[in-house]
Amino acid sequence: MRQWVVTAPGGAQHLKLEEASVPTPGPHEILVRVGAVSLNYRDIDVIAGGHGVSLPFPYTPGSDLAGVVAATGSSVTRFREGDDVLNTFWAGWLDGDWPSHARVIGGALPGVLAQYVVLHEDWAVHAPRTLDAVAASTLPCAGVTAWFALIEQGALHAGQTVVVQGTGGVALFGLQLARAHGAQVIVTSSSDEKLRRVRELGATHGIDRTTDPDWDRVVRELTQGRGADHIFELAGGDNLGASLRALRQGGRISLIGLLDQPNMTLPSIPSFLTRPVIQGIGVGHRRAFEALVRAVDVVGIKPVVDEVYAFDALPQAVAHLERGAFGKLVVKVGA
């Protein structure tokens, strides 16, 4: 088989496509013939040097796959040969609180940018019946993150207002899931074209942060002074203060990204008055993933894929990721 490896820290110039033996699954493992791998912004840091963990170079990156079970170990009970599957982002987080033994696939554990991958059967879920491999591969990180924030932890319901910042994978999943649950959605972006596209996806309002840098004030105006019920905080830095000012009393802020700055600044007095629920979101567990898959099939959610790249074109896909994407970027691995 062929697989991508990072041969040394330092970025995409150290990506190499190499040949390797097809792995053999152990008793509780499945061999997956990979159909597609979606990229996440974190992959840039992983390829550059580890995203906060020490990697044993050469190292295969990538954390989100869709594929078909090609073989099963002797003790596997959850899957059969021919099943369409997705991997879980966290290996070992099945339900409840995050366990300290859980590890990230494509982080502390080897990634999935290969033609065949072996997974423990507990680290996989059945894929949605309504999506092909390209679309389904977008779910393990971005889809689960949005679902976990809004539904699993946020108990979102009809009539609420959600603010999503930007138009990346998590943001657009948040838009689609919120609309599917009957919530209004306000999207902030610095691009008129992207705001036009999110309105086509069902966004109730769009705020251009270039012309309205005080976007929190606009959110309050759009909600008749009440504020948003739930905000996806994806920027970091001082933007957390703006999110707090845009929030209703007792509302929820999900800390998901740090696109602008590695730290966040929270003003104390507004936080006392707003009484916010502020929660960090680190994707989610397998049970939540399985619930998302059922919702995708029932509601008919179609993930937003900006562009699909050939397996040989991973460096170009990473360059696109660095420039920014509208939704998800996917590398097609199988035929």
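Post the alpha-carbon centroid distance, segment 98-140 to segment 163-178, in whole angstrom.
So the separation of the two Cα centres works out to 21 Å.
Only helical DSSP H runs with n ≥ 4 go in: add -39500 (n - 2.57) per run for the chain, normalise by residue count and round the 222 nm mean residue ellipticity to 500 deg cm²/dmol.
Counting only the DSSP helices, I get -6500 deg cm²/dmol.
Quote to one decimal, in nm, the extra length available between VAL299 and ARG287 on full extension: 0.36 nm per residue of separation minus the C-alpha distance between them.
Contour length minus Cα-Cα distance gives 2.5 nm.
Can you put HIS285, HIS120 in order of Cβ neighbours within 10 angstrom, beginning with the fewest?
Working: HIS285 22, HIS120 17.
So the residues, fewest neighbours to most, are HIS120, HIS285.
What whole number of Å gives the distance from the Cα centroid of segment 233-304 to the Cα centroid of segment 48-87?
The distance from the Cα centre of segment 48-87 to that of segment 233-304 comes to 28 Å.
Report the trypsin sites (Lys or Arg not before Pro) located in segment 68-118 that are in a DSSP loop and have at most 12 other Cβ atoms inside 10 Å of their Cβ, or state none.
Details: sites: ARG78, ARG80, ARG103; in loops: ARG78, ARG80.
For trypsin sites (Lys or Arg not before Pro) across segment 68-118 that sit outside H, G, I, E and B with at most 12 neighbouring Cβ atoms in 10 Å, the list reads ARG80.
Mind checking Rg over Rh on segment 143-280, alpha carbons, Kirkwood formula for Rh?
Taking Rh as the inverse mean 1/r over Cα pairs, Rg/Rh reads 0.92.
Among DSSP beta bridges whose residues both lie in the chain, state the antiparallel percentage, nearest 5.
Beta bridges within the chain, antiparallel portion: roughly 50 percent.
Rounded to whole Å and ordered largest first, report the semi-axes of the equivalent ellipsoid of segment 62-185 derived from its Cα gyration tensor (root of 5λ).
They are 28, 16, 14 Å, listed from largest to smallest.
Would you mind ranking LEU175, LEU139 so that the residue whose beta carbon has the fewest other beta carbons within 10 Å leads the list?
Fewest-to-most Cβ neighbours within 10 Å comes out as LEU175, LEU139.
When N counts the residues of segment 220-335, how does its alpha-carbon radius of gyration compare numerically with 2.2 N^0.38 Å, as a ratio? Can you show the working numbers first?
Details: Rg = 18.2 Å, N = 116, 2.2 N^0.38 = 13.4 Å.
This ratio for segment 220-335 stands at 1.36.
Report Rg(Cα)/(2.2 N^0.38 Å) for the chain, keeping two decimals.
Normalised Rg, Cα atoms only: 0.99.
Which value, in debye to the nearest 20, describes the size of the charge dipole of segment 231-335 about its Cα centre when Lys and Arg Cβ atoms bear +1, Asp and Glu Cβ atoms bear -1, and nothing else is charged? Please report the intermediate quantities before stating the final value.
Details: 11 positive and 9 negative charges, 102 e Å.
Dipole of segment 231-335, to the nearest 20 debye: 500 debye.
Taking only Cα atoms, what is the 0 to 90° angle, nearest 10, from helix 169-180's long axis to the longest principal axis of the chain?
That works out to roughly 70 degrees.
When PHE89, PHE326, PHE57 are ordered from fewest to most other Cβ atoms inside 10 Å of their Cβ, what list results?
Listed from fewest to most nearby Cβ atoms, that is PHE57, PHE326, PHE89.
Taking θ = phi - 60°, what integer Hz values does the Karplus form 6.51 cos²θ - 1.76 cosθ + 1.60 yield along segment 157-165, in sequence order, with x for Gly and Pro?
Taking θ as phi minus 60°, the curve returns 8, 4, x, 7, 10, 10, 10, 10, 9 Hz for segment 157-165.
Pairs of Cα atoms under 8 Å, at least six residues apart: use those to get the relative contact order of segment 1-135, whole percent.
31
Place a label point 7 angstrom from the Cα of ALA8 along the Cα-to-Cβ direction, then list the residues of segment 71-113 whose backbone nitrogen is under 17 Å away.
Those under the cut-off are none; the list is empty.
What is the magnitude of the charge dipole of the chain about its Cα centre, with +1 placed on the Cβ of each Lys and Arg, -1 on the Cβ of each Asp and Glu, and no other charges, expressed in debye to the nearest 20? Could you put the intermediate results ahead of the total?
On the way: 28 positive and 33 negative charges, 120 e Å.
Around 580 debye, computed over the chain.
Just so you know, all these numbers are worked out from the coordinates, no wet-lab data involved. Just so it is clear, the structure is predicted and the values come from calculations on it, not from any experiment. Every residue, glycine among them, receives a Cβ derived from its backbone with ideal geometry; neighbour counts consider all protein chains shown.
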